[in-house]
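Read through the structure below, which is laid out as structure tokens, and then see the notes.
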Amino acid sequence: MNTPPAPQPLRTGVLILAAGAGRRMGGRAKCLLEVQGHSLLERTVGSVRSAGLHTPVLVLGHHAAEIQAHVAQWPEHLSPRQVINPAPEDDPASSLHMGLQALGHDVQAVMVLLADQPLIDAADIGAVLHAFQRRPPGCQVLVPMVNGVPGHPVMFDAAVHADLLAAPGSSLRQWRAAHPQATLSWVVDNLHHTRDLDTPDDLEALARDTGWVCRWPEPAPGVNTDPVAG
């Protein structure tokens, strides 16, 4: 029996969403949490690159100046492209749209990661890429599903990318609800996909479960880090 050829790699645009206020974490920029000596953002960007993907687009909003000051310390060739959502709370989908606009129209697929998922690594990203390339015909969106809970990173094809851009304010969740037959719930038992950091309790649990050293960085000189009101 002839083995079918492996799918050709897709031109995949990568978005990292880091526009949130982090209110439940005391108004902190969660992606700047240092885990084992490196920020969550460094770890996420490094995992993207280790998985063989190109420079991601980082979508900022709240805490943009603080995060930019952090990224400015990286070697230039490692720095992600950055866009700022001027009104990140107008609609939860607005940051996604900002990122999609920055990607342009020449990508064949889009991967969306969150900046506060401490366990996502290159192997997890590679597994999502592999599953997306081998998705059944007609499936346009892949969502990791762990114990019935949707996770990240998610992937979708160029047609979904175009549909979202053509409908300002629309969310991927709305697109999936309107096209259930085109969404693949990729059932896995990998808790990396659903573990994020929303509260101090989440942070304490991460340190306890992993033994990792987790600490908040000292604020950069001249950067306002006052907690977000609300």
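The values are calculated or read from the model by the stated rules, or taken from the named source; none is laboratory data. Note that the structure is predicted; figures quoted are calculated from it, not measured. Cβ coordinates were reconstructed from backbone atoms using ideal geometry, including for glycine residues, and neighbour counts include every protein chain displayed. We work out accessible area using only protein heavy atoms, side chains counted, and drop any ligands, DNA or RNA first. Shrake-Rupley method; radii C 1.70, N 1.55, O 1.52, S 1.80 Å.
Once the dipole of the chain is set up with Lys and Arg at +1 and Asp and Glu at -1 on Cβ about the Cα centre, which of Pro75, Cys214, Gln140 lies farthest towards its positive end? Positive-end residue among those listed: Gln140. Averaging 1/r over every pair of different alpha carbons in region 1-124 and inverting the result gives a Kirkwood radius of 15.3 Å.
Summarising the strand pairing of the chain, around 40 percent of its internal DSSP beta bridges are antiparallel.
Taken along the Cα-to-beta-carbon direction at a fixed 7 Å, the label points for Ala87 and Ala123 span 4.4 nm. Where the alpha-carbon atoms of region 91-137 are placed on the principal axes, they occupy 30, 29, 16 Å, in descending order. Each Lys and Arg adds +1 at its Cβ and each Asp and Glu adds -1 at its Cβ; summed about the Cα centre, region 63-194 shows a dipole of about 400 debye.
The slack between Ala162 and Glu204, meaning 0.36 nm per residue of separation minus the straight C-alpha distance, is 11.1 nm. Starting from the Cα gyration tensor of region 38-106, take the square roots of the eigenvalues, sort them a ≥ b ≥ c, and report rounded, prolate or oblate (rounded when a/c is under 1.5, otherwise prolate if a/b is larger than b/c, else oblate). Since a/c reaches 1.5 but b/c is at least a/b, the shape of region 38-106 is classed as oblate.
Peptides 191-198, 15-22, ordered by how many other C-beta atoms sit within 10 Å of their residues on average, highest first, read 15-22, 191-198. Computed from point charges on the beta carbon alone (+1 for Lys and Arg, -1 for Asp and Glu), the dipole magnitude for region 145-199 about its Cα centre is near 80 Debye. Based on protein heavy atoms only, the chain ends up with 51 Å² per residue of surface accessible to a 1.4 Å probe.
With equal scatterers on the alpha carbons only and no solvent term, can you work out the Debye log10 of I(q)/I(0) for region 95-172 at 0.10, 0.12, 0.14 1/Å? So the normalised log intensities work out to -0.24, -0.35, -0.48. Scaling against 2.2 N^0.38 Å puts the C-alpha radius of gyration of region 131-211 at 1.31. Projecting the Cα positions of Ile16, Ser95, Val48 onto the charge dipole of the chain (unit charges on Cβ atoms of Lys, Arg, Asp and Glu, taken about the Cα centre) puts Val48 furthest along the positive direction. Relative to the current alpha-carbon distance between His54 and Gln181, full extension at 0.36 nm per residue lengthens the span by 42.7 nm. The packing ranking of peptides 110-121, 28-39, highest mean first, is 110-121, 28-39, where packing means the average number of other beta carbon atoms within 10 angstrom of each residue. With both labels modelled 7 Å from their Cα along Cα-to-Cβ, the Ala65 to Val213 distance reads 3.1 nm. In loop segments of region 38-136 as defined by DSSP, the trypsin sites (Lys or Arg not before Pro) with at most 16 further C-beta atoms inside 10 Å of their C-beta are Arg134. About the centre of its Cα atoms, the chain shows a dipole size close to 480 debye [charges on the beta carbon of Lys, Arg (+1) and Asp, Glu (-1) only; nearest 20 debye]. Note on Arg134 and Leu191: the model spin-label points, each 7 Å out from Cα along the C-beta direction, lie 2.6 nm apart.
Enclosing the Cα atoms of the chain in their convex hull gives a volume equal to 145 cubic angstrom per residue.
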